[in-house]
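Laboratory data are not the source of any read-out in this text; all were calculated from the coordinates shown. In this text the structure is predicted, and so the values were computed from the model without any measurement. In this analysis, Cβ positions are derived from the backbone assuming ideal geometry, glycine residues included, and neighbour counts consider all displayed protein chains.
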Amino acid sequence: MQRTHIRGVVFFGLVAFVPLFYYLAVVGGWLPYGGILLIAIRNIGDSSILWFSLIHLTIYGVALYWLAELIARLLIRVAGGHAWPATAVVLLLLSGLGLLPIFGAAHGQIHWMNAYALYASDTLR
């Protein structure tokens, strides 16, 4: 039961802050999973963008879930009774990754920004 909860918390952190490669015809860049999800939701009427986004979400969702399971098992094995504080450290590291200006997608010149600015901006259309 503890591993399930830790896996869920780590998966949420991975979804929010890990940069994933996003490519759609001539537009490319690094976006978090949540950013790709926002693109899919905002373009629900455009089937081509929606399908490309859903393909990205499916592949990356499976990969991030597998990675979250691996991290949860490692945290429980290494930290033992202190798995929750170790999970908090992992989340702090992931949120620190979100502060780096490594996210963006565009055709041509990419305006790099951190994950927090990306979620707040209107660039994910």
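Under a point-charge model restricted to the Cβ atoms of Lys and Arg (+1) and Asp and Glu (-1), what is the dipole moment magnitude of the chain relative to its Cα centre, in debye to the nearest 20? Working shown, then result.
On the way: 6 positive and 3 negative charges, 67 e Å.
The dipole magnitude comes to about 320 debye.
Look at the alpha carbon pairs under 8 Å that are at least 6 residues apart: their mean separation over the length of the chain gives a relative contact order of 34 percent. Sequence-ordered 3J(HN,Hα) estimates for region 47-63 from the Karplus curve with 6.51, -1.76 and 1.60 and θ = phi - 60° stand at 5, 5, 5, 4, 5, 4, 5, 5, 5, 4, 5, 5, 5, 5, x, 5, 5 Hz, glycine and proline given as x.
Converting phi to 3J(HN,Hα) with the Karplus coefficients 6.51, -1.76 and 1.60 and the offset θ = phi - 60°, region 76-81 yields 5, 6, 7, 7, x, x Hz in sequence order, with x at every glycine or proline.
Our coupling estimate for region 29-37, obtained by passing each phi through the Karplus curve with A = 6.51, B = -1.76, C = 1.60 and θ = phi - 60°, is x, 10, 9, x, 4, x, x, 5, 4 Hz, Gly and Pro reported as x. How many angstrom separate the Cα center of region 16-57 from the Cα center of region 95-125? When both Cα centres are located, 13 Å separates them.
Once backbone amide H atoms are built at 1.01 Å from N, VAL18 has TYR33 as its partners under 5 Å, excluding neighbours fewer than 5 places away on the same chain.
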